[in-house]
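Colleague: Here you go, one structure.
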Amino acid sequence: IASARLSPFRKDVLIKSGKVIGAGDVGRKKKLLEKQKEGKKKMKMIGKVEIPKEAFLKLFNKK
């Protein structure tokens, strides 16, 4: 029987070296999660590329 480990959708930014950061400080938690949210938004904008349908089909029909 084989198994595979799936990586998490996002990194847990509230844990550093096994300790919870901002355990009692709600403002700090919100700041870290908001910073992560902004980074994810930036990554999605940079990684989003639109290719015309004709150009996409030409890549596969280049034989």
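Throughout, read-outs are computed from the coordinates displayed, never taken from laboratory work. Treat the numbers as computed from the prediction; the structure is a model and nothing was measured. Methodologically, a virtual Cβ is constructed for each residue, glycine included, from the backbone with ideal geometry; neighbour enumeration extends over all protein chains shown.
Colleague: Give the Rg (one decimal place) followed by the Dmax (whole number) of the range 15-60, computed from C-alpha coordinates and expressed in Å.
Modeller: Using the Cα atoms of the range 15-60, the pair Rg, Dmax is 19.2, 57 Å.
Colleague: Label 7 Å along Cα→Cβ of Ile21; the range 29-55 residues with amide nitrogen under 16 Å?
Modeller: Counting backbone N atoms under 16 Å from the label point, the list is 29-40.
Colleague: Student exercise: in the range 15-60, how many lysine pairs 8 or more apart or on different chains have Cα atoms under 14 Å apart?
Modeller: 4
Colleague: To make sure I understand, if each residue's beta carbon is the centre and we count other beta carbons within 10 Å, what order do Leu33, Leu59 fall in, fewest to most?
Modeller: By the 10 Å Cβ count, ascending: Leu59, Leu33.
Colleague: Quickly work out the Arg28-to-Met45 label distance, labels modelled 7 Å from Cα along the C-beta direction, and quote it in nm with one decimal.
Modeller: 2.9 nm
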